[in-house]
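The values are calculated or read from the model by the stated rules, or taken from the named source; none is laboratory data. Not measured: the values here are computed from a predicted model. Positions of Cβ are backbone-derived with ideal geometry, glycine not excepted, and every protein chain shown enters the neighbour counts.
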Amino acid sequence: MSDSSNYTPPKVWTWDSESGGKFSNINRPIAGPTHDKELPVGKHPLQLYSLGTPNGVKVTVLLEELLALGHEGAEYDAFLINIGEGSQFSSGFVDVNPNSKIPALLDQSTEPSTRVFESGAIMLYLAEKFGELIPVDPSERAECMSWLFWQMGSAPYLGGGFGHFYAYAPEKFEYPIDRFAMEVKRQLDVLDRNLSSRQYLCGDTYNISDIAVYSWYGNLVLHNIYDAEVFLDVASYENVIRWANQIEERPAVKRGRRVNRPWGPEEEQVPERHDASDIK
């Protein structure tokens with residue numbers, strides 16, 4: 001890896017697979033499978049292939065909310081995709097998500113089966129399929145979509161930007177940490193100002209945008225991801241903390257946060273979910 005103090009970009013970039021960082025062994029500039037392996041298939045209509053990262057939590061929380069509302073068709077098998085081992089590059093996973101990112105969903109209740117990839121698309125698909133947690137009124141729906149897509153556009157600055165350079169890069173680099181910290185704090189301020197006059201992101205009603213944003217920014221202010229709560233002064237965003245705590249008290253959220261989680265205290269781990277009884 002070049003000395004960051006005098007790095008001059010080459011005329012044409014080439015891949016240095018030894019460039020360092022926590023995920024250097026799985027990051028690569030090409031798509032497609034690295035090995036042949038079919039995905040397992042369970043007994044339920046919905047097959048989820050995921051990991052309990054914020055993007056995975058979005059979907060498992062939504063599925064648990066749908067089940068809590070009585071939708072038997074939302075029963076799901078959640079298979080663990082261990083991205084640290086490169087499971088997302090199997091031929092079976094690439095067939096469901098050509099972008100090789102978790103989560104990916106296969107809906108077997110349709111003929112033929114329907115694949116859905118990208119967490120926001122999965123959330124929208126499920127909310128529309130079951131007619132829940134998404135507004136019907138056009139103006140309210142537009143507000144919900146705006147916050148959902150705000151999250152999809154903003155979180156890469158938090159995770160791939162700030163989180164990577166602050167917590168995972170092989171060295172601490174001042175410029176990217178400062179640049180992305182500024183952006184994340186601006187995002188937190190956007191949320192805090194909005195929530196100063198609203199119970200939930202869109203008003204008085206909880207919907208998929210709350211689930212999506214909570215999974216990233218609620219996790220940030222309540223659970224010290226990236227060990228950055230002091231650095232980012234997350235305690236100063238009181239409205240975000242109030243909102244995140246309110247969401248986290250929901251039984252479906254408590255259940256969904258544990259699915260596809262192979263780390264942390266043993267009692268919080270549910271690496272795979274195939275029945276409601278798997279979450280004790």
Which residue out of 75, 85, 111 is buried (at least 16 other Cβ atoms within 10 Å of the Cβ) and either more than 21 Å from residue 152 (Cβ to Cβ) or without any contact (Cβ under 8 Å) to a residue 60 or more places away in the chain (or both)?
75
How many residues are surrounded by fewer than 16 Cβ atoms within 10 Å (Cβ to Cβ) and assigned to a strand (DSSP E or B) if we restrict to region 116-152?
0
Within region 158-179, restricting attention to residues that are buried (at least 20 other Cβ atoms within 10 Å of the Cβ) and farther than 22 Å from residue 59 by Cβ, which residue is nearest to the chain's Cα centre (by Cα)?
162
Scanning region 47-95 for residues that are charged (D, E, K, R) and within 26 Å of residue 223 (Cβ to Cβ), the one modelled with the lowest pLDDT turns out to be 85
Give the residue, chosen from 215, 196, that is surrounded by 15 or more Cβ atoms within 10 Å (Cβ to Cβ), touching a residue at least 40 places away in the same chain (Cβ under 8 Å) and hydroxyl-bearing (Ser, Thr, Tyr).
215
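Residue by residue, here is whether (1) modelled with pLDDT of 95 or more; (2) more than 18 Å from residue 208 (Cβ to Cβ) holds:
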{"position": "105", "(1), (2)": "yes, no"}
{"position": "112", "(1), (2)": "yes, yes"}
{"position": "117", "(1), (2)": "yes, no"}
{"position": "121", "(1), (2)": "yes, no"}
{"position": "140", "(1), (2)": "yes, no"}
{"position": "152", "(1), (2)": "yes, no"}
{"position": "156", "(1), (2)": "yes, yes"}
{"position": "161", "(1), (2)": "yes, yes"}
{"position": "173", "(1), (2)": "no, yes"}
Subset of region 229-280 [in contact with a helix residue (DSSP H, G or I) (Cβ under 9 Å, 6 or more places away or on another chain) and aromatic (Phe, Trp, Tyr)]:
231, 237, 243
Failed condition for residue 155, given (1) over 20 Å from residue 229 (Cα atoms); (2) outside the structural domain of residue 65 (by TED's automatic domain parsing); (3) surrounded by 19 or more Cβ atoms within 10 Å (Cβ to Cβ):
(1)
